[in-house]
Amino acid sequence: MQSAGATIVKHYSELAFMGFAEVIKNLPTILDNLKFCKQDIAAFNPDVLVLIDYPGFNLRIAKWAKANGFKVIYYISPQVWAWKESRVKLIRQVVDKMLVILPFEKDFFEKKWDYKVEFVGHPLVQVINDFLGSNQGIKKEGKIVALLPGSRRQEIAKKLPIMLEASKAFPDFQFVVAKAASLEDDFYTKLLSDYPSVSFVTNETYALLSKATAALVTSGTATLETALFKVPQVVCYKGSAVSYQIAKRLVKIKYISLVNLIMDKEVVKELIQDELTVLNLTKELDSILHDKEKISRIKNDYDALKKLLHQQTNASEKAATIIVDFTKSTSL
């Protein structure tokens, strides 16, 4: 956003805490950030407030904004279809227009909750198409396994060591970690110190995926990015014991990866919490490196996934057009 001309008054990395226990521990910081953002919005006095993702924080901002007379657009719906479905009642009250990026979300809101939303397509489709179009010289190298352990320090510390141990079973492959730009090199250097054949790259995740034969990926948007690059993957999740036990009782979805959720079936293997072991990960990685039938099936499902997400127009342009038109209509 900054490169496109936006002024960043507080970076989202200062607000990102994952897991129930972690949120409670950092509650004073979160409350201070909420206060700061409300004051900043009031001082700026926008015609329309556009909230992007991050529901735990943004729904509180939306409630405050609506009460203070601001029009609210929400881009990228909170995952109310996964848990806390009752939040739809609040969304209907405080969000004037919702833009969704997953195809099943439109039916969820409109058929189940009688709340009209706009499906704009997923912005990653165009972003990755543009990347591939401008980097046509990049070819699969056949011996690279991408490791995408996440962007938060605490999740990387739990998952990357398991990924690194699994790498020992594949001496013929080069393992490369996609480093989070917000974290210092030393954090990764220490984790990789016992694995001299493993390297890391910064701000080169797409270049890495464009060359990779397979990937080990933390749950989240990265699973979808990996799929759009047609890289077979194993999805990895491991959180704190407390957070996982709470989530297990509250979350009501069959899968944790966007790939499987959108396709409504197991396209890629998910290793969750206690299932994420070196032994299991080694077995699953071996299958997506050497089982040709499985590799072909995954890639065919990836093609079907892309068709579900594709729109006639660029998703980001469509979202921007809707936002501008809404702003014009409400300012008349």
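Each reported figure results from applying straightforward, stated rules to the coordinates on display, with no laboratory input. Quick caveat, the model's predicted, so the values are computed rather than measured. We place every Cβ from the backbone using ideal geometry, glycine too, and count neighbours over all the protein chains shown.
Starting from the Cα gyration tensor of segment 267-312, take the square roots of the eigenvalues, sort them a ≥ b ≥ c, and report rounded, prolate or oblate (rounded when a/c is under 1.5, otherwise prolate if a/b is larger than b/c, else oblate). Taking the square roots of the gyration eigenvalues as a ≥ b ≥ c, segment 267-312 is oblate. Relative protection proxy for 254-260, 195-201, from highest mean packing down: 254-260, 195-201 (other beta-carbon atoms within 10 angstrom). The alpha carbon gyration tensor of segment 94-163 gives principal lengths a ≥ b ≥ c with a/c of 1.5 or higher and a/b no greater than b/c, which makes the shape oblate.
Sorting the segments 176-183, 296-303, 314-321 by their residues' average number of neighbouring beta-carbon atoms within 10 angstrom, most packed first, yields 176-183, 314-321, 296-303.
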